[in-house]
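Shown next, in structure tokens, is the structure this report addresses.
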């Protein structure tokens, strides 16, 4: 009689669906989707940038210019929230991989350190003119007028202290919110909590003071990032948990991903339909799709587009067996490439506009954009060929040190020859 072989019990990660072992290796379709978004961001950062170049061709304008009108949205508006969604979407799998390899404590510390560094980097980048030394206040009268929104009546005279803000700040704040909500282990509950978090913020925007604060900030400021973009991260982590760790058939999961994305877009479109009933129309008008305040419909539009993009790249990778190498090389080192585009572009616009007081013409903007895209593509390809992955932490530290070094040089020049570049010296 042959000896009976008894297999040892599997690890708990294999036994529980909620704790299934993450897939080994990188997922090509996610790298391609991330690469597509980061390549779009690099292009829109570098050309035409903030040169004030208004291209009145509808499609071109929608790619390279933000919408400044409440109730309208452009492709440019979707770039940053789509990147935030992708970060939240992959957070569950990256967290569980590190947890499996190095333990829970190490995984938590890594996520916290990662976003803390981004917070510091975002603070320094947003205050490159040292404006954090002079928190500016806005004394408001009985009415407030903002371009694209109109006149907002004010019941009292608030004084607002606006903290300078930037997209890196928004990425860090929303990432921390998404990670905190991952403590709700059931993705379904987290999914509904994400929308509840968003609706809570939308209700808060009915407060005139909070609305004005968001309008005067960038990306909605601290509240828009924590609640508006934070809700994107929360919902994205829930979708990531569902797709990577649920026991539903894979085809069904991605079908649901597409349905979910389309459902969000349909809701946004419905709010653009004019209703004859005045009361119902006034209720609809209270929910504008506006990126300046990171409104509910703006967030839903970003979620809808992000889910649809992920579904498309999954289909290209699995159904058509395309690895999309030229997009994946950008997605593998997304943060590094973003910083490589953002920092030089900021210096270019500062030197050309503030120091040399030159107008950035369309042809100069075009040359600069081609240059930035060229060297970012070269760096992406070089890192891919060398099989190098520069983590977010390393990328953040490199550029934090770079920005601090540039600031020290500028301060020395200000004190010696007086460029009048930094806010505190003006």
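The values are calculated or read from the model by the stated rules, or taken from the named source; none is laboratory data. Since we're looking at a predicted model, the values are computed, not measured. Heads up, the Cβs are rebuilt from the backbone with ideal geometry, glycines too, and the neighbour counts pull from every protein chain shown.
Which one is modelled with the lowest pLDDT, of the residues in region 204-220 that are assigned to a loop (DSSP other than H, G, I, E, B) and either over 16 Å from residue 169 (Cα atoms) or more than 19 Å from the chain's Cα centre (by Cα) (or both)? Lay out the reasoning, then the answer.
Our first condition is that a residue be assigned to a loop (DSSP other than H, G, I, E, B); within region 204-220, this holds for 205-207, 217-220.
Applying the additional criterion that residues be either over 16 Å from residue 169 (Cα atoms) or more than 19 Å from the chain's Cα centre (by Cα) (or both) yields 205-207.
Details: 205: 84, 206: 77, 207: 73.
Result: 207.
Quick one: count up the residues across region 333-378 that are touching a helix residue (DSSP H, G or I) at 6+ places or on another chain (Cβ under 6 Å), over 21 Å from residue 402 (Cβ atoms) and touching a residue at least 60 places away in the same chain (Cβ under 8 Å).
Summing the residues that are touching a helix residue (DSSP H, G or I) at 6+ places or on another chain (Cβ under 6 Å), over 21 Å from residue 402 (Cβ atoms) and touching a residue at least 60 places away in the same chain (Cβ under 8 Å) in region 333-378 gives 2.
Would you point out which residue out of 268, 299 is crowded, with 23+ Cβ neighbours inside 10 Å and either under 20 Å from residue 73 (Cβ atoms) or modelled with pLDDT of 85 or more (or both)? Spell out the reasoning first.
Working: 268 fails: crowded, with 23+ Cβ neighbours inside 10 Å.
Exactly one of 268, 299 is crowded, with 23+ Cβ neighbours inside 10 Å and either under 20 Å from residue 73 (Cβ atoms) or modelled with pLDDT of 85 or more (or both), namely 299.
Scanning for something under 19 Å from residue 336 (Cα atoms) and either in contact with a helix residue (DSSP H, G or I) (Cβ under 8 Å, 6 or more places away or on another chain) or modelled with pLDDT of 90 or more (or both), does region 158-166 turn up at least one residue? Spell out how you get there, then give the answer.
Filtering region 158-166 for residues under 19 Å from residue 336 (Cα atoms) gives 166.
Still in the running and either in contact with a helix residue (DSSP H, G or I) (Cβ under 8 Å, 6 or more places away or on another chain) or modelled with pLDDT of 90 or more (or both): 166.
Yes, there is a match, as at least one residue in region 158-166 is under 19 Å from residue 336 (Cα atoms) and either in contact with a helix residue (DSSP H, G or I) (Cβ under 8 Å, 6 or more places away or on another chain) or modelled with pLDDT of 90 or more (or both).
Out of the residues in region 74-93 that are farther than 23 Å from residue 243 by Cα and part of a helix (DSSP H, G or I), state the one that is modelled with the highest pLDDT.
Quick first cut of region 74-93, residues farther than 23 Å from residue 243 by Cα only: 74-77.
Going one step further and asking which of them are part of a helix (DSSP H, G or I), we end up with 75-77.
Details: 75: 80, 76: 81, 77: 85.
If we take residues in region 74-93 being farther than 23 Å from residue 243 by Cα and part of a helix (DSSP H, G or I), then 77 is modelled with the highest pLDDT.
Checking the conditions here, which among 405, 369, 418, 353 is part of a helix (DSSP H, G or I), modelled with pLDDT under 90 and more than 19 Å from residue 46 (Cα to Cα)?
405
Just a yes or no: is a residue in region 208-218 within 18 Å of residue 302 (Cβ to Cβ) and surrounded by fewer than 20 Cβ atoms within 10 Å (Cβ to Cβ)?
yes
Being surrounded by 18 or more Cβ atoms within 10 Å (Cβ to Cβ) and under 23 Å from residue 294 (Cβ atoms), is that true of even one residue in region 91-104?
Checking region 91-104: at least one residue is surrounded by 18 or more Cβ atoms within 10 Å (Cβ to Cβ) and under 23 Å from residue 294 (Cβ atoms).
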